[in-house]
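The values are calculated or read from the model by the stated rules, or taken from the named source; none is laboratory data. What you see is a predicted model; the values in this text were computed from it and never measured. Glycine also receives a Cβ, built like all others from the backbone with ideal geometry; neighbour counts cover every protein chain displayed.
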Amino acid sequence: MQGLLLVNLGSPDSPETKDVKSYLKEFLSDQNVVEMPKAVWQPILKGIVLPMRSWRSATFYKHSWTKSGSPLIVYTQIITNQVQALLPDWNVKMAMTYKHPDIVETLQQMKQDGCDNIILLPLFPQYTQSTTKSIIEQAESANVDLTIIKDFYQEPVYQKILAAKIQESWDQGNYDELLISYHSIPTAMVKHGDPYLTECADTTNAVSKQLNIPDDKIKMVFQSKFGPMPWLKPYLKNTLMQEVQLGVRKILIATPSFVADCLETLEEDYVQNYQTFKASGGDVFQLVPPMNDDKRFSQFLADLAVRNEVQ
């Protein structure tokens with residue numbers, strides 16, 4: 001039987017502080033995320049970052065939590081179910097880089113269930129060390145036969161779906177500008193050879209060509225910076241304030257890094273960045289919905305998996 005494992009970032013088990021702290025500890029202990037030597041970083045993480053950040057992050061998670069649970073988990077499960085329905089002869093599962101369901105445990109269970117090859121498909125269109133590399137390393141430690149799809153930003157069908165979603169949102173409002181916002185990463189990673197910045201730029205360029213939006217109304221920005229080190233710029237929050245000063249009052253934001261709604265879209269963008277924009281004098285602030293339960297995206301993932309099936 002052919003297997004397919006869809007992997008997203010993960011979420012705390014609940015929005016309570018203790019569970020958020022446990023999640024953040026696992027996430028921020030990953031050396032693909034924070035490259036600082038463990039002997040230096042761990043005392044800072046345990047002594048300063050976790051005590052200060054856990055309760056604050058828990059507040060944000062409580063704002064975005066739904067009756068069904070974490071939006072990221074809920075939407076990833078919906079995507080998984082839709083892909084399974086499209087591939088009835090396959091075993092399609094989901095896992096998370098941090099917390100549950102665990103990548104290694106899920107892969108080993110799939111092998112026990114009769115999967116002789118499993119396609120590993122991280123739900124990150126662009127490859128970067130801090131997301132995709134961690135998924136691949138965990139998966140390879142499971143000791144199962146894998147076919148790995150490292151990225152899909154360059155896939156014409158994906159680009160077409162993304163462009164269609166952006167255009168649909170743009171046409172519903174009278175916007176002054178489109179900001180295409182990606183999750184930022186430390187600039188040091190790019191200097192060390194991470195292809196993420198190039199893949200983000202390629203995504204923006206390919207999608208922009210399909211949009212009925214003037215090029216001078218489209219800007220690529222980055223969000224979700226963490227810590228004091230330099231990360232990829234321009235930062236979304238700073239851009240929002242600057243654009244208002246330049247007379248841009250109506251902004252639409254697309255977030256291609258995130259295929260499912262999560263803390264970054266629901267809390268960081270729709271709450272914090274919205275408040276920054278409004279406080280600066282902006283009028284209209286709207287996000288293009290991520291892929292979420294869009295059946296076009298699930299069909300794309302199913303077709304991508306079939307193309308990579310081991311014959």
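When the range 236-253 is limited to residues that are farther than 19 Å from THR265 by Cβ and in contact with a Ser or Thr (Cβ under 7 Å, 6 or more places away or on another chain), the one that is surrounded by the most Cβ atoms within 10 Å (Cβ to Cβ) turns out to be VAL244.
Residue count for the range 236-279, restricted to those that are without any contact (Cβ under 8 Å) to a residue 12 or more places away in the chain and charged (D, E, K, R): 1. Among the numbered conditions (1) touching a strand residue (DSSP E or B) at 6+ places or on another chain (Cβ under 7 Å); (2) of a type in the set (Val, Ile, Thr); (3) more than 16 Å from ALA164 (Cα to Cα); (4) assigned to a helix (DSSP H, G or I), the only one that VAL310 does not meet is (4). Does LYS233 meet the test of being assigned by TED's automatic domain parsing to the domain that holds ASP171, surrounded by 14 or more Cβ atoms within 10 Å (Cβ to Cβ) and either touching a strand residue (DSSP E or B) at 6+ places or on another chain (Cβ under 8 Å) or under 23 Å from PRO125 (Cα atoms) (or both)? Here the answer is no, as LYS233 does not meet what is asked. For the range 198-216, the set of residues classified as buried (at least 20 other Cβ atoms within 10 Å of the Cβ) and hydrophobic (A, V, I, L, M, F, W, C) consists of CYS200, VAL207, listed by residue number. Does any residue of the range 35-57 turn out to be outside any helix (DSSP H, G or I), surrounded by 15 or more Cβ atoms within 10 Å (Cβ to Cβ) and β-branched (Val, Ile, Thr)? Scanning the range 35-57, I find no residue that is outside any helix (DSSP H, G or I), surrounded by 15 or more Cβ atoms within 10 Å (Cβ to Cβ) and β-branched (Val, Ile, Thr), so the answer is no. Of all the listed residues (TYR274, TYR270), the sole one being part of a helix (DSSP H, G or I), over 19 Å from the mean Cα position of the chain (by Cα) and of a type outside the set (A, V, I, L, M) is TYR274. Checked against the criterion of being more than 19 Å from THR131 (Cβ to Cβ) and not polar (S, T, N, Q), the candidates LYS21, LYS25 yield just one match: LYS21. Restricting LEU6, LEU45 to those that are in contact with a Lys or Arg (Cβ under 9 Å, 6 or more places away or on another chain) and modelled with pLDDT under 95 reduces the list to LEU45. Is it the case, given these coordinates, that GLN154 is part of a loop (DSSP other than H, G, I, E, B), closer than 21 Å to HIS183 by Cα and out of contact with any Asp or Glu (no Cβ under 6 Å at 6 or more places or on another chain)? In short, yes.
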